[in-house]
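First comes the structure, then the notes that go with it.
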Amino acid sequence: MSNSPVAIDPAEPLLEGLNPNQAQAVAHRGPALLIVAGAGSGKTAVLTRRIALLLKNREAWPSQILAITFTNKAAAEMRERIANYVGEEARGMWISTFHSACVRILRNEAQRFGFPTAFTIYDSADSKSLVKRILKEFEAESMGLTPGGVLSKMSRLKNELIDVDGFASQANPDDPNEMMFLEVFRRYTQELRRANAFDFDDLIGQTVFLFRAFPEVRALYQRRFRHVFVDEYQDTNKAQYELIHELTRPVRPEHVPAETPPVLYNVEGGIDPATLTVVGDSDQSIYAFRGADIRNILEFRNDFPGTSVVVLEQNYRSTQNILDAANAVIGNNFDTSMSKRLFSDRGQGDRITGFTGVTQHDEAQFVADEIVSLHDGGMPYRDMAVFYRTNAQTRALEEVLMRSGVPYRLIGGTKFYERMEIKDVLAYLVAVANPDDGLAHRRILNTPKRGIGDVSESNIQRFADDNQISFREAMRQVESIGLGAKAATTIRAFVDMLDRIAATVPTARVVDVILPLLEETGYLILLKESRDPQENARAENVEELVGLTREFQVQNPEGTLIDFLTEVALSSAADDLDDESGTVSLMTLHTAKGLEFDAVFITGIEEEILPHRISLAEAGGVQEERRLFYVGITRARKKLYLSLATSRATFGEIAGCMPSRFLDEIPASLVDWRESGRRSLAPSFASRSGADRAERPKREWTAAITRTVRDNGDLELAVGDRIRHDDFGTGRVLAVTGEGAKRIAEVQFDSEGKKKLLIKIAPIEKL
C-alpha cells in the first residue's frame, strides 16, 4: 500500500470505476511513485489516467510529459487512451519506447558528437553481416569466435555501458580469444563510425554518454521533462536504468539552461528532479538473458528517496482458479520483497486441465483436439494460444495442427521488415539518405544483378579502407581502382543514379524517393515478370512497402525519409501480432508477455525444458524460469491447459522426460489430469480423489511415469524383428546398437521411413 495515502475525490471522472488502490495510484503526488502492478491488474488504465489527471488539473503541460514503454504497440495504446481523456493535448507528449526517445534525442544533438542527423540504425541482420565480414577478415572463426557469440557479447557489454575502451581496460591480455574479440569489437565500432551508424544497443548507451559528456544538454531535457513515466520497469537493464537516473537527478545551477522559467528554479538556483512514476512487477521479470536486472525494481525505494508504493492485486483478466495456481507457483520464489496475492471477482471458473502424453506428438494431438473442441463450442481461433519454452518444440505442434485442419500462426517467424526483398529496398533508401553507410551500398551493389562480382566489391572496399573514404566515395573514384572497363562503367552509372536521387531527398516525399529507385533499378519489374511464384510474392511485399510509405506520409505530412527509416528500424517484432486474425497463435513463453487469451495451452512442462536445463546451472535461473511459468499462467482468461510428455525426441534421439518441479507447486485440487488413451500412464494418480492427491500429489505420479517409460527395459530386439510403434505403425528392425538403457533400434517403418528409437522408453511392441 502507499506510504502516504491521499484524499480521493469521489466526483473526479478520471477515478470513476477504479478500485481503491488504483485510485490511490492515479491521485498520488510526490517525488517518486512505484506502482507494483500484478498481472492483469489494469496498469495501463492507471498509468494513462494518472497522466490525464496531471494534464486536466494543469499540474503539467503536455510537453513536460515523457512516458516510456518497451514496445511501439504499448506506446500507441497509451497515446490513444490519453487522447480519449484529454483530446489533442496528447499530441504534445513524448510517448515512445526507450529506443525511439533516444533516437529523437540523438538526432537533435548529433552534431555535438560529430554525427550527421541522417545517421543509420543497424538492425540485427545488418550487425550480423558486418561482424561476419570482420571475422572473415581477421580469420577469427578459427579461434572459435562466431557471429552470434560476438554479437551477444557486444550487446551485453553495451547494455552494461561498457564500450571498447572500457572492455580493453578489463580484458585479460594473456587470453588470445579475449584479445581477438577486443580487436573485432574495435573494428566493428570503427566501421559503424565510418558508416555514420549506430546499432540498436548503441542508442540508449550513446544517449547516456551524451548526457554525461554535455551536462548542459542533460539539463535541457530535464528542464523539458518534469514528469517521467516508465512502464514495465522490471525489464530495464543497466543502460536504461542510468538513462532514467540522468533524466531525474537534480540540475546544478551552473548547468541550468538559459531562459529557464523561474518556477523551475530551486532555492540554490538549480532545478529539482522531475517526478518519476514507474510501473512494474518483479514476478514478471523474465528477460535476464537480455540484460534486464530485477534489482532495478527491487531496490527502487533505495535508489529514489521519498518513494511511495502502491500495490495492485485485483486481477481483471483471469478466473480465481487460474490465479490460485499462479499465486501458488510464484510463492515458491524467494527473490522478491514485493509479495502480493492476485484475486479476482470473475468467479472460480473451470478447473485447469492437465495432460500427460507418451510422446510430443501425443501431447500435440491433445492440444489440437482441445482447440477443435473449443472452436466447435464457439470460441474463435484468435482467442487461443499455445506457449512453449523453446522454438524447438514447435515441429510436432505444427505437424499435428496442420493435419487436424487448425489454422495457426507462428509468432516470431520472419517478419515483414526482415524479408530479403524488403531489406534490399530499404538498403536503397538508406544509401540515398546516408552516403557513408557502406553496408547498405554493398548489399545493393549487385542487387538486382549488374555483373558486379565479389572480387570487384572486395576491390572497392579495399580501396575505401586504404584511402579512409566511404564505399560510395570509392565508387565515385572507380577509374582509380583498376576494374575492367565494363564494370567501371556500370558502377559509375550506379553511383550517379544514387547521387541524383539523393539530391531530391531533402524536399521529396518518401514515396517520391522509393518509386524512382524501383523504376531506375528495375527491381520491382524483375520480380513481377519472373515465372517463379515466390518472386511474384516478393513483388507484392515490395508494393506493400510502397503502400506503407504513402500511409506514413498521410500520418506524418512533414515526415522525412530519415523519419521513415527510423520508424522502420525501431518497429518491434512483437508489435505486428494481429489480434484479429482467425488463427491460433503459437509462441514462446517470453513472447507471450503482455498478451492475453481466453484459452492458453502451456506445453512441455518438463524438467530441463521448464525449467530449462541451462537455468539449472545459473544463479537465480530457476527463479526466473518460475517467473516465466507464472507469466504463462496469467495470460489465460478462462481456460488453462498444462501438458507434458513422458518421452521426447531431441536432436534425433528419444529420451525419457520427468514432470517439471513447477507442477508439484500447483495444488492438486485445482487441476483435472488426463492422460493418453493409448497407454495408462499413471492410473492410480489419475483416479485418486482430489483430497488424496493433495496429500501425495506428485511422488506416486512421477514413480508411475518412471515405471511406464521403463516398461521396455527387458525387451530384446534383433535385426529382422517386426515391431509396432504407437505413432509410426509397423516396421522391421535394421540394427540394434548401444548397451543397457542406451540401446537404440534403427527401424524401417512401412509408412514413416527410417527412425531411431530408444528401446527403453519407445511405445513399441514386438510382433
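The values are calculated or read from the model by the stated rules, or taken from the named source; none is laboratory data. None of these values were measured; they are calculated from a predicted model. Heads up, the Cβs are rebuilt from the backbone with ideal geometry, glycines too, and the neighbour counts pull from every protein chain shown. Ligands, DNA and RNA are stripped out before the accessible areas are found, and what is left, the full protein with its side chains, is counted by its heavy atoms. Shrake-Rupley method; radii C 1.70, N 1.55, O 1.52, S 1.80 Å.
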Query raised in the report: Of all residues in the range 146-158, how many are open to solvent by less than 20 Å² (accessible area, probe 1.4 Å) and not aliphatic (A, V, I, L, M)?
Result: 1
**Report entry** Matching residues, the range 380-420, being open to solvent by 30 Å² or more (accessible area, probe 1.4 Å) and among the aliphatic types (A, V, I, L, M)
**Finding:** ALA392, MET402, LEU410, MET420
Report task. Search the range 302-323 for residues that are farther than 12 Å from THR634 by Cβ and assigned to a loop (DSSP other than H, G, I, E, B) and pair each with any residue that is among the polar types (S, T, N, Q) and open to solvent by 10 Å² or more (accessible area, probe 1.4 Å) when their beta-carbon atoms are under 8 Å apart and the residues are at least 6 apart or on different chains. Result -> PHE304/THR248; GLU313/ASN21
Query raised in the report: So is ASP201 in contact (Cβ under 8 Å) with a residue 40 or more places away in the chain, surrounded by 15 or more Cβ atoms within 10 Å (Cβ to Cβ), out of contact with any strand residue (DSSP E or B) (no Cβ under 9 Å at 6 or more places or on another chain) and closer than 12 Å to PHE98 by Cβ or not?
Result: yes
Report summary line: Taking first residues from the range 88-108 that are under 10 Å from LEU570 (Cβ atoms) and polar (S, T, N, Q) and second residues anywhere that are in a helix (DSSP H, G or I) and open to solvent by less than 10 Å² (accessible area, probe 1.4 Å), the pairs with Cβ under 7 Å that are 6 or more apart or on different chains are SER96/ALA75; THR97/ALA75
Report summary line: Of the residues in the range 530-561 that are farther than 23 Å from ARG107 by Cα and assigned to a loop (DSSP other than H, G, I, E, B), the one that is most open to solvent (accessible area, probe 1.4 Å) is ARG531
Requested in this report: Tell me, please, whether a residue that is at pLDDT 95 or above and open to solvent by 50 Å² or more (accessible area, probe 1.4 Å) can be found in the range 334-343.
Outcome: yes
Report task. Can you tell me which residue within the range 196-219, out of those that are of a type in the set (Val, Ile, Thr) and within 27 Å of the chain's Cα centre (by Cα), is nearest to GLN111 (Cα to Cα)? Result -> THR207
Query raised in the report: Looking at the range 456-467, is at least one residue in contact with a Phe, Trp or Tyr (Cβ under 8 Å, 6 or more places away or on another chain), open to solvent by less than 70 Å² (accessible area, probe 1.4 Å), assigned to a helix (DSSP H, G or I) and not hydrophobic (A, V, I, L, M, F, W, C)?
Result: yes
Query raised in the report: Inside the range 488-523, can you point out the residues that are over 19 Å from ASP424 (Cα atoms) and either open to solvent by less than 20 Å² (accessible area, probe 1.4 Å) or assigned to a loop (DSSP other than H, G, I, E, B) (or both)?
Result: ALA488, ALA503, THR504, PRO506, THR507, ALA508, ARG509
Query raised in the report: What is the one condition in (1) under 21 Å from ARG218 (Cβ atoms); (2) in a helix (DSSP H, G or I); (3) touching a residue at least 24 places away in the same chain (Cβ under 8 Å) that ILE68 does not satisfy?
Result: (2)
Requested in this report: Taking only the range 115-142 into account, find how many residues are of a type in the set (Phe, Trp, Tyr), in contact with a strand residue (DSSP E or B) (Cβ under 8 Å, 6 or more places away or on another chain) and either closer than 17 Å to PHE185 by Cα or free of Cβ contacts under 8 Å to residues at least 24 places away in the same chain (or both).
Outcome: 1
Query raised in the report: What is the residue count in the range 477-487 for residues that are in a helix (DSSP H, G or I) and surrounded by fewer than 17 Cβ atoms within 10 Å (Cβ to Cβ)?
Result: 4
Requested in this report: Exactly one condition in (1) buried (at least 19 other Cβ atoms within 10 Å of the Cβ); (2) of a type outside the set (Ser, Thr, Tyr); (3) over 21 Å from the mean Cα position of the chain (by Cα); (4) within 24 Å of ALA762 (Cβ to Cβ) is not met by GLU370; state its number.
Outcome: (4)
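Here's the yes/no breakdown for (1) touching a helix residue (DSSP H, G or I) at 6+ places or on another chain (Cβ under 8 Å); (2) farther than 22 Å from ASN237 by Cβ; (3) open to solvent by 30 Å² or more (accessible area, probe 1.4 Å); (4) charged (D, E, K, R):
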| position | (1), (2), (3), (4) |
| --- | --- |
| GLN111 | no, yes, yes, no |
| THR117 | yes, yes, yes, no |
| THR120 | yes, yes, no, no |
| SER127 | yes, no, no, no |
| LYS136 | no, yes, yes, yes |
Query raised in the report: Counting just the residues of the range 626-676 that are among the basic types (Lys, Arg) and in a strand (DSSP E or B), which one comes out modelled with the lowest pLDDT?
Result: ARG648
